[in-house]
């Protein structure tokens with residue numbers, strides 16, 4: 001799954017995100033979802049989430 005559908009993501013899901021500060025670099029960070037920040041059912045660039053570490057980014061892969 002690519003992380004563009006909100007229904008595929010739950011708090012606690014293991015994901016790979018592109019952090020806001022690394023936008024367009026392609027650098028991914030792994031973590032667990034603490035909170036889903038995107039309110040729409042899908043987003044073409046990935047659902048925005050907050051990881052348990054407090055980092056914010058868009059999901060690129062669901063592990």
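Within the range 35-63, the set of residues being touching a helix residue (DSSP H, G or I) at 6+ places or on another chain (Cβ under 7 Å) and farther than 12 Å from residue 4 by Cβ comprises 36, 56, 57. The residue of the range 15-32 that is surrounded by the most Cβ atoms within 10 Å (Cβ to Cβ), among those that are over 11 Å from the mean Cα position of the chain (by Cα) and part of a helix (DSSP H, G or I), is 22.
For residue 12, the requirement of being in a loop (DSSP other than H, G, I, E, B), within 17 Å of residue 63 (Cβ to Cβ) and at pLDDT 95 or above is met. Go through the range 33-63 and report how many residues are under 9 Å from the mean Cα position of the chain (by Cα) and assigned to a strand (DSSP E or B). Residues flagged as under 9 Å from the mean Cα position of the chain (by Cα) and assigned to a strand (DSSP E or B) within the range 33-63 amount to 13.
The values are calculated or read from the model by the stated rules, or taken from the named source; none is laboratory data. The shown structure was predicted, so the numbers you read here are calculated from the model rather than taken from an experiment. Ideal geometry is used to build each Cβ from the backbone, glycine not excepted, and the neighbour counts take in all protein chains shown.
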